[in-house]
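Remarks on the structure that follows.
Read the figures in this text as sums done on the coordinates, not as results from a lab. Here the structure is a predicted model, which means the values were calculated and not measured. Here the Cβ positions follow ideal geometry from the backbone for every residue, glycine too, while neighbour counts run over all protein chains shown.
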Amino acid sequence: MKFQISNFKFRRADAFTRRGPGVSIRPFKTVSHPFKTVSHPFATGSCPFGTGSCPFGTVQNLKFAVRNSAAFTLIEIAICLAIIGFALVAIIGVLPYGMNTQRDNRQETLVGQDASMLLETIRSGSHGADDLTNYVYAIANTGTGNGYTNTLAGEMGFTPAASFNSITRWYPILTNGANIIGLLSTPEFLNSDGSAGTAQNYSTSNHIIAYVRAMSGLAAEKPPQDNAIMVGDTFAYRLLCVNAPIAVDTNSGAPQGYNLRLADNQRELRLTFQWPLLPNNKADLNNVGYGRQTFRATIGGQLATTNTFFPYLYFYQPQSFNQAP
């Protein structure tokens, strides 16, 4: 049998003489084509398709057609890269602002959560909030020149001598929640006998500054975490605590007796948070970030001391009032 080539296509060629399954056949060797030389895959041996049609019986046209292909030019690619480059520069420039915003929002959230807990704890005159010893590590009263710390101060890198030059006496008494709340509740004005005074009549003024690491936040930062790096890098803030008598009318025609009783039975608690404490010296009054937020609450009841010896501790008594005239 001979191959017949017509119109650049191979016609079906009966190259094999089928004599039954398993019978050796004589394959063709090479077929010449004007554009391609095609060899049958079974040059020697037996064809595995003893019966039926051989899949290589029909040979297709192997002419390679050259077609026009569309593609980008180098100039177009360069323009695309320039546009992508401008976009990436803009994104990279905005990324730090987004990260800073996320950090600021997180810190404000932590401060808000801590403020709610501290306001309620001080308002209720709590004696059993001993968990505060894991967070409040220093309290300074610049009015009396006394300072108070605990063992956490060293872990937080607190060095009071660097800033509190006026405070020469530091007492390690922040060992329970009652002492911490009692010191944070110290009145702004004191009478000579140590009782809470008013802005019109007092002998001593107090200015309470507390150093606190955030009570809210990541669980990995909370006790019993003993990794010094984790503890030292915990978000911390400075707290200004003011227990001021409520403002009253001091004019000569005002009922002074009533006003004094009102000042004794109602006070304004102001908690001013300043954050974050920078790592160089967490006691430095100037070494603090720009975060500022103040929370206020009006508390009814007496603010009385529970002891007549040092340290003087004060607690709100919401159910106890002085008798008004």
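Net length available on complete extension from S320 to D193 is 43.7 nm, with 0.36 nm assigned per residue and the Cα-Cα distance removed. Placing a label point 7 Å from the Cα of R292 along the Cα-to-Cβ line, the residues of the stretch 258-281 whose backbone N sits under 19 Å from it are 270-278. Measuring spread by the Cα atoms of the stretch 139-210 yields a radius of gyration and Dmax of 13.2, 42 Å. Report note on the peptides 124-132, 302-310: ranked by the mean count of other C-beta atoms within 10 Å, highest first, their order is 124-132, 302-310. Sorting the segments 193-199, 73-79, 264-270 by their residues' average number of neighbouring beta-carbon atoms within 10 angstrom, most packed first, yields 264-270, 193-199, 73-79.
First measure r as the distance between the Cβ atoms of M117 and I77, then evaluate 1/(1 + (r/R0)^6) with R0 = 56 Å and state the FRET efficiency to the nearest 0.05. Step by step, r from the Cβ atoms, then E = 0.40.
Rounded to 0.05, the FRET efficiency of the R270 and N201 pair, given R0 = 25 Å and the Cβ-Cβ distance, is 0.75. Each peptide among 90-98, 202-210 gets the average number of other Cβ atoms lying within 10 Å of its residues, and from highest to lowest they stand as 202-210, 90-98.
List the pair-distance distribution P(r) of the stretch 167-310, using every Cα-Cα distance, as the percent of pairs falling in each 10 Å bin from 0 up to the bin containing the longest distance, rounded to whole percents. Distribution as computed: 10, 31, 32, 18, 7, 2, 0 percent. Here M99, M230, M156 are placed in order of increasing Cβ neighbour count within 10 Å, fewest first, which gives M99, M230, M156. Here the simple spin-label model places points 7 Å from the Cα toward Cβ, and for H127 and I91 these points are separated by 6.1 nm.
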